[in-house]
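The values are calculated or read from the model by the stated rules, or taken from the named source; none is laboratory data. Because the structure is predicted, anything quoted here is derived from the model rather than measured. Methodologically, a virtual Cβ is constructed for each residue, glycine included, from the backbone with ideal geometry; neighbour enumeration extends over all protein chains shown. Ligands, DNA and RNA are stripped out before the accessible areas are found, and what is left, the full protein with its side chains, is counted by its heavy atoms. Shrake-Rupley method; radii C 1.70, N 1.55, O 1.52, S 1.80 Å.
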Amino acid sequence: MTQTPPEPQLGRRTLLRGAAVVGAGAAVLGSVPASVTTARATSGSAAALVRGDRPALTHGVQAGDVLTRQATLWSRADRPSRLVAEIARDRSFRRSVTVQGPVVTPDTDFTGRFTVRGLPSGADLFYRVRAVDLRDPRRSSAPETGHLRTASRRREDVRFLWSGDIAGQGWGVNPAYGGFRIVDAMARRRPDFFLCSGDNVYADGPLSETVTLPDGTLWRNVVTEEKTKVAETLAEFRGQFRYNLLADNWRRFLAETPQVTQWDDHEVTNNWYPGELLTDARYTEKRVDVLSARGRRAFHEYIPVAPISPDPDGRVYRVLHLGPLIDLFVLDMRTHKDPNTADKETLRDGGVLGAKQTRWLISELERSRATWKVIAADLPVGLVVPDGTEQEGIAQGDPGAPLGRELDIAPVLTALKRAGIRNHVWLTADVHYTAAHHYSPDRAAYQDFDPFWEFVSGPLNAGAFGPNALDATFGPRAEFVAAPPRANTSPAEGFQFFGEVEVDGDTAALTVTLRDVDGGALFSKTLVPHRR
């Protein structure tokens with residue numbers, strides 16, 4: 001059996017010297033210095049431009065799951081080709097290193113993602129990606145440039161944003177706002193990364209070209225063929241992700257800002273659960289398991305999620321170690337979800353996290369040495385989210401002892417208490433308004449947990465709704481709520497929200513700010529870390 005050679009590492013000095021490195025699973029480009037390799041690629045690109053018929057990148061570039069020493073890069077070409085990236089400390093790319101990525105084919109809709117390891121920590125880095133012709137390496141696409149900042153291994157300031165719910169309820173890409181209205185305000189905050197808390201696309205949300213607003217003016221959507229009906233085929237699910245990247249400001253934001261992404265229901269269909277059979281007349285494919293497999297595949301093709309989840313079945317739960325101040329726990333509360341009922345079952349059945357993910361979460365929380373444990377949940381803990389006459393969310397409105405899916409959350413909260421972990425914050429989206437909830441055993445029916453905060457944000461570009469009722473089982477109190485005056489308020493009227501988390505490198509204090517469509521601060525809360 002042949003042994004795989006150790007993967008080259010891209011350290012701080014290596015990057016400054018410009019030595020060639022590789023991404024995960026790629027082969028070394030050779031011993032030629034990267035500056036020479038880059039010059040040759042540039043020369044070849046110029047020649048290819050004269051001859052024409054060279055590959056093109058179609059939907060920009062993205063980076064995801066950026067840790068202290070690694071990042072996952074993504075792009076999409078228009079034909080079979082190889083993705084190649086250069087990484088440098090400045091936008092001039094005078095002293096860069098070259099990373100060979102995957103060959104992209106129709107099997108992945110010409111998308112490719114690849115993980116680059118050995119990056120310097122706490123560094124602003126620039127990358128640019130080209131698609132190189134498989135038959136003639138002198139032909140390559142024009143480059144697309146992006147930016148990322150690796151997490152620091154030292155106690156340094158951290159700032160990130162979170163929200164969710166993109167292009168839903170009939171509100172799509174609107175050129176009058178550059179794509180999505182709220183994105184320009186998000187870009188001005190210059191975050192280290194962006195956490196998307198689910199509903200990255202609305203695969204069940206067809207669009208029309210115009211929508212009449214309450215004041216009589218028209219909202220105008222860009223509409224593609226895939227957005228004229230609900231997604232059922234793999235091609236239609238892929239088209240949902242391509243659609244959002246037609247928003248110019250969103251594409252620019254993702255190029256400049258690494259993302260951490262989880263999924264919820266609208267990546268497949270509203271309020272879905274495994275095993276469900278649809279009664280919606282819009283669908284010819286009624287089996288949700290078939291639809292979710294296609295939606296999951298498109299999600300992984302178009303979102304730069306690093307291969308760091310311990311789950312072998314394609315679920316996206318994972319922990320990101322982002323230095324001494326933050327560990328980010330990304331949950332998957334959809335793939336193992338039980339059927340929507342009244343949610344009053346008295347026996348625990350793993351109906352929102354599943355037994356395996358629950359054990360993993362508790363174990364990783366106990367192992368974490370970061371000051372703050374930030375838990376990214378795609379469903380709120382205490383908000384009642386109906387699904388017709390049944391219940392979609394964790395809570396169900398019964399203020400007594402835990403029932404239904406609450407039985408999945410109670411052991412996690414108790415494990416945190418018994419491990420002495422007080423510095424945990426829960427972030428979520430889903431309900432299309434913004435709020436700050438404080439949970440306390442002093443107000444709760446179930447009392448075996450320590451007080452904690454949950455912050456809700458969204459939507460990014462979707463109909464605004466709410467507010468929802470709180471369930472008293474875990475003793476929540478709404479400390480702040482901002483919601484629209486009526487259901488499905490459009491982005492043109494505001495009521496789109498994102499949240500910001502800042503951790504002070506000196507004091508380790510964590511501040512959460514809830515912001516509006518223009519970036520204005522609506523509510524802010526600073527939490528001082530508990531010292532054991």
Before anything else, pin down the relative contact order of the chain: Cα pairs under 8 Å, at least 6 apart, normalised by residue count, whole percent.
13
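Please get the size of the charge dipole for the stretch 117-171, origin at its Cα centre, with Cβ charges of +1 on Lys and Arg and -1 on Asp and Glu, quoted in debye to the nearest 20.
Details: 11 positive and 7 negative charges, 68 e Å.
That gives the stretch 117-171 a dipole magnitude of about 320 debye.
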Any idea how far apart VAL528 and ALA235 come out in nm if each label point goes 7 Å out from Cα toward Cβ?
6.2
Could you derive backbone 3J(HN,Hα) for the stretch 257-269 from the dihedral phi with the Karplus parameters 6.51, -1.76 and 1.60 (θ = phi - 60°), listing whole Hz in sequence and x where the residue is Gly or Pro?
10, x, 10, 10, 10, 10, 10, 9, 9, 6, 5, 10, 6
Let me cross-check LYS356: its accessible surface, 1.4 Å probe, with only protein heavy atoms counted, in Å² to the nearest 10?
90
What the Cα atoms of the stretch 66-118 span along the principal axes, largest first and in whole Å, is 33, 24, 14
Report TYR273's accessible area, 1.4 Å probe, all protein chains in place, as a number in Å² to the nearest 10.
40
Between ASP157 and SER440, what is the spin-label point distance in nm, taking each point 7 Å from the Cα along the Cα→C-beta axis?
3.2
Built amide H within the under 5 Å cut-off of TYR317, gap 5+
ASP332
Give me the log10 of I(q) over I(0) for the stretch 53-172 at q = 0.17, 0.19, 0.21 Å⁻¹, as the Debye formula computes it from C-alpha points; what are the numbers?
-0.88, -1.02, -1.13
In whole Hz, with x marking every Gly and Pro, tabulate ³J(HN,Hα) for the stretch 336-353 from phi via Karplus 6.51 cos²θ - 1.76 cosθ + 1.60, θ = phi - 60°.
10, 5, 7, x, 6, 10, 5, 6, 10, 4, 9, 10, 6, 10, x, x, 9, 9
With every protein chain left in place and a probe of 1.4 Å, what is the accessible surface of HIS266, to the nearest 10 Å²?
20
Check ALA395: other-chain or 5+ apart residues with amide H under 5 Å from its amide H, H built from backbone geometry?
LEU383, VAL385
Using the Cα atoms of the stretch 183-289, I'd like the radius of gyration and the largest Cα-Cα distance, Dmax, both in angstrom.
15.9, 44
Give, in nm to one decimal, the length gained when the segment between LEU347 and ARG94 is fully stretched (0.36 nm per residue of separation minus the Cα-Cα distance).
84.9 nm
Just the Cα atoms of the stretch 219-337, one point each, no solvent: what log10 I(q)/I(0) does Debye give at q = 0.16, 0.19 Å⁻¹?
-0.88, -1.14
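For the stretch 297-399, go through all pairs of different Cα atoms, get the mean of 1/r, take its inverse, and jot down that Kirkwood value in Å.
Values: mean 1/r = 0.0657 Å⁻¹.
One over the average 1/r among Cα pairs gives 15.2 Å for the stretch 297-399.
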Using each residue's phi in the stretch 207-216, evaluate 6.51 cos²θ - 1.76 cosθ + 1.60 at θ = phi - 60° and report the 3J(HN,Hα) Karplus result to the nearest Hz, with x for Gly and Pro.
10, 10, 5, 9, 9, 7, 7, x, 8, x
To the nearest 20 debye, the stretch 142-288 has a Cα-centred charge dipole, built from +1 on Lys and Arg Cβ and -1 on Asp and Glu Cβ, of 680
What does the accessible area per residue of the chain come to in Å², with a 1.4 Å probe and no ligands, DNA or RNA counted?
38
Once fully extended, how much extra length lies between ALA521 and THR414, figured as 0.36 nm per residue of separation less the alpha-carbon to alpha-carbon distance?
35.2 nm
Could you please state how large a percent of the accessible area of the chain is carbon and sulfur, counting protein chains only and using a 1.4 Å probe?
51
Under 14 Å by backbone N from the virtual spin label 7 Å along Cα-to-Cβ at ASP504, the residues of the stretch 148-192 are 156-158
Under a 5 Å amide H to amide H cut-off, with H placed in plane at 1.01 Å, what residues pair with HIS59 once short-range neighbours are removed?
ARG76
